[in-house]
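What follows draws every value from the coordinates through simple rules; no lab data is involved. All values reported here derive from a predicted model rather than from experimental measurement. All Cβ positions, glycine included, derive from the backbone under ideal geometry; neighbour counts span all protein chains shown.
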């Protein structure tokens, strides 16, 4: 999901906010949110933010995630704080120009071309979401902790000194993230949402210096590097158990 698409989704949310809700539970300050369990299913765009080391060799890609979320309060009134847990899976395509700008072959030659399947990013996250009660749309801020696994794929390169393949470090570690979003109730159990997240993965802690045969074994590109990612996504919010 590009930033233009996210802006479009936010516009849809704004127009939807002006429309009357087709819901029997018309909470004047909660935009249809009631106490209970919810499932969020979303998709969007994920990209490295000020990347360091081998992370800069990978470009903006797509992400998909599923998250359970609980909102509990007195009676049918939801609390101001919701708690959730979920997972996201993303794919980052190779940034060929960036890779070629930094990579040298074992023969100290520059590569002229490179191809690779997308690197994968997998996260498991626990979330705390704080909502701002409003009658037509629900703003919120979120933060949480989790586990991040960044797995680059094998890169095939061409060079005057000969063709070859190379691998980069597999990064994994704890993750801290913050975000902000908007939710809009649509009808009965269904709502939509859009949000932006910034994730900081502590992937350098306890990590070896190089991967044998990898670009970092020669260039030292991943020594003590953490993983920073930005995500824009939107999707469906479903009330469960109703």
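General observations
- Residues 233, 91, 172 in ascending order of nearby Cβ atoms (within 10 Å, fewest first): 91, 172, 233.
- Inter-centroid distance (Cα atoms) of segment 83-103 relative to segment 134-150, Å: 21
- Approximate spin-label separation residue 109-residue 132, in nm, with each point projected 7 Å along Cα-to-Cβ: 5.9
- Over 16 Å [Cα-Cα, segment 36-78], rounded percent: 61
- Taking the square roots of five times each eigenvalue of the Cα gyration tensor of segment 33-169, the equivalent ellipsoid has semi-axes of 44, 12, 11 Å, listed largest first.
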